[in-house]
Amino acid sequence: TLILVPHGSRDPRALATVTALAERIREQRPGLPVRLGHIELNEPLLTDTLAARPGGGSAVLVPLLLSPGQHVKHDIPAAAADAPHLDTRVAAPLGPHPLLAEALHARLVQAGWPPLPLGTTARRHHAVVLAAAGSRDPESAAGTEAAAALLADRLGVPVVPAYAAPTAACARPVPEALKALADQGRTRVAVAAYFTAPGRFATQSAAAAPWIAAAPLGAHPALARLVLHRYDQARTAPPVAEQRRLTAV
């Protein structure tokens, strides 16, 4: 079973979005059982999804999170370890990956970004702020910077990572990044949403956009392909119980 693990949000669009993504994954791989298990704020919670399989079996938990952090490194593995009746594996976070750059590009075009490659003059005026949630984990910042570089290579313009909830590790706020690009003469600056679903941070980041703001990644086909890629990778990894035993030795 593939268990999608979104963070959860009070925004009702978030649950609808991850439900649509689960359906997209089922379409891409018919016959694969796909379940949802939220970390918080939405039902079903991950702990309830794991407990609902009392007969045992195996499951791969795929975080719908774009960077490493507390949830990926501790909370999700802990929930898996608390379900010893299941043979569980935890996949890596989704990003960075070229499939995310594909989905981000598509969302920008939907918002009004030019669909064709920019000419030399246009490239001098265009740029993107990649808006992410932020984390205290330095690996999260490194992952977002790598994702920004992948998108920049695809678009041919600067892509600056910035954060809706700045921390010591992810220090640049979205408005600050937008101002810095404007000061450089970038008059067409878009905000790309490095979020899997709508929520407070995505809405806040979009509201700061001086030009266009892309929608979150949502149920884009490239995101569904990436989830399945992480699922396939994790199936060959040691189970959570074995990883914990090896760590304790």
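Results for (1) at pLDDT 95 or above; (2) more than 18 Å from Arg200 (Cα to Cα), shown as yes or no for each residue.
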residue	(1), (2)
Thr17	yes, no
Arg24	yes, yes
Gln28	yes, yes
Gly69	no, yes
Val72	no, yes
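Look at (1) at pLDDT 95 or above; (2) in contact with a Ser or Thr (Cβ under 9 Å, 6 or more places away or on another chain); (3) farther than 19 Å from Leu150 by Cα and you find that Val62 fails only one, number (2).
Of all residues in the stretch 168-185, exactly one satisfies the criterion of being in a loop (DSSP other than H, G, I, E, B) and surrounded by 23 or more Cβ atoms within 10 Å (Cβ to Cβ), namely Cys170.
In the stretch 18-39, the condition of being within 20 Å of Ser135 (Cβ to Cβ), touching a helix residue (DSSP H, G or I) at 6+ places or on another chain (Cβ under 7 Å) and surrounded by fewer than 22 Cβ atoms within 10 Å (Cβ to Cβ) is met by at least one residue.
None of Ala248, Ala193 is at pLDDT below 95 and either surrounded by 18 or more Cβ atoms within 10 Å (Cβ to Cβ) or more than 20 Å from Ala101 (Cα to Cα) (or both) except Ala248. The set of residues in the stretch 196-216 that are β-branched (Val, Ile, Thr) and either under 14 Å from the mean Cα position of the chain (by Cα) or at pLDDT below 95 (or both) contains only Thr196. Please tell me if Pro210 is of a type outside the set (A, V, I, L, M, F, W, C) and touching a Lys or Arg at 6+ places or on another chain (Cβ under 7 Å). Judged against the criteria, Pro210 is not a match.
Looking at Ala224, Ala190, Ala237, just one residue is part of a helix (DSSP H, G or I), touching a residue at least 24 places away in the same chain (Cβ under 8 Å) and over 17 Å from Ser135 (Cβ atoms), and that residue is Ala224. Cβ-Cβ distance below 8 Å, separation of 6 or more or different chains: which pairs start in the stretch 135-153 with a residue that is closer than 14 Å to Gln70 by Cα and end on one that is open to solvent by 40 Å² or more (accessible area, probe 1.4 Å) and acidic (Asp, Glu)? Final answer for the pair search is none. Give the residues of the stretch 202-211 that are open to solvent by 20 Å² or more (accessible area, probe 1.4 Å) and either without any contact (Cβ under 8 Å) to a residue 12 or more places away in the chain or more than 12 Å from Ala14 (Cα to Cα) (or both), sorted by residue number. Across the stretch 202-211, the qualifying residues are Gln204, Ala206, Ala207, Ala208, Ala209, Pro210, Trp211.
The values are calculated or read from the model by the stated rules, or taken from the named source; none is laboratory data. What you see is a predicted model; the values in this text were computed from it and never measured. Here Cβ is always computed from backbone atoms with ideal geometry, including for glycine, and neighbour counts include all displayed protein chains. Ligands, DNA and RNA are stripped out before the accessible areas are found, and what is left, the full protein with its side chains, is counted by its heavy atoms. Shrake-Rupley method; radii C 1.70, N 1.55, O 1.52, S 1.80 Å.
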